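A.B. asks: A single structure is presented below for examination.
Where a number appears in this text, it was derived from the coordinates with a stated rule and is not lab data. Since this is a predicted model, take the numbers as computed values, not measurements. For neighbour counting, all protein chains shown are included, and Cβ atoms are generated from backbone atoms with ideal geometry for every residue, glycine included.
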Amino acid sequence: MESNQNENTETEVDLEKIVTTDGIIEWLKQRIEFKIPISPDVWVDAAQKLNVLIGDDHDRLYDLEQEVAKMKMEYMVDGDEKVNVSYAKAKVETTDQYKEARKLKAKIGRIEEQIRIAKIRARLKDNEYRQ
């Protein structure tokens, strides 16, 4: 019992040092893959950190979306010639900025879902401990 308690304390200390969404997600992923138990407190702590840090990802996404919109406008008014919207959209969708924005949007969706799951897991584990 004592070694398990030390193991949980060590894992919780590791999470305290992590201050990026990518780091927290990777930390949780490793524990899930290796079936290492995570206490309700740690699930809630991870969800809180993700909730706070997701703002940085939202800011990056907004910047990328603005960059992509500007490119679309440039493609629509290509020199003296006006191009149709669907052509400009298709051209923008081939850029790395568009790809990065899509990946970031998907990551934000996964983070938001992870926050929901963490809350539910914490409630379930807490109920398990009480019974």
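A.B. asks: Size of the dipole of the chain about the Cα centre, Lys and Arg at +1 and Asp and Glu at -1 on the beta carbon, nothing else charged, in debye to 20?
C.D. replies: Numbers: 23 positive and 28 negative charges, 126 e Å.
The dipole of the chain has a size of about 600 debye.
A.B. asks: By how many degrees, between 0 and 90 and to the nearest 10, does the Cα long axis of helix 2-17 differ from the longest principal axis of the chain?
C.D. replies: So the helix axis and the longest Cα principal axis differ by about 30 degrees.
A.B. asks: Could you name the lysines in cross-link range of residue 49, using Cα to Cα under 29 Å and dropping any fewer than eight places away on the same chain?
C.D. replies: Correct list for residue 49: 17, 29, 35, 99, 103, 105, 107, 119, 125.
A.B. asks: Another question, if that's okay. Just want to confirm a number: the relative contact order over segment 2-130, from Cα pairs under 8 angstrom separated by 6+ residues, in percent.
C.D. replies: Details: 86 pairs, mean separation 42.0, N = 129.
Result for segment 2-130 is 33 percent.
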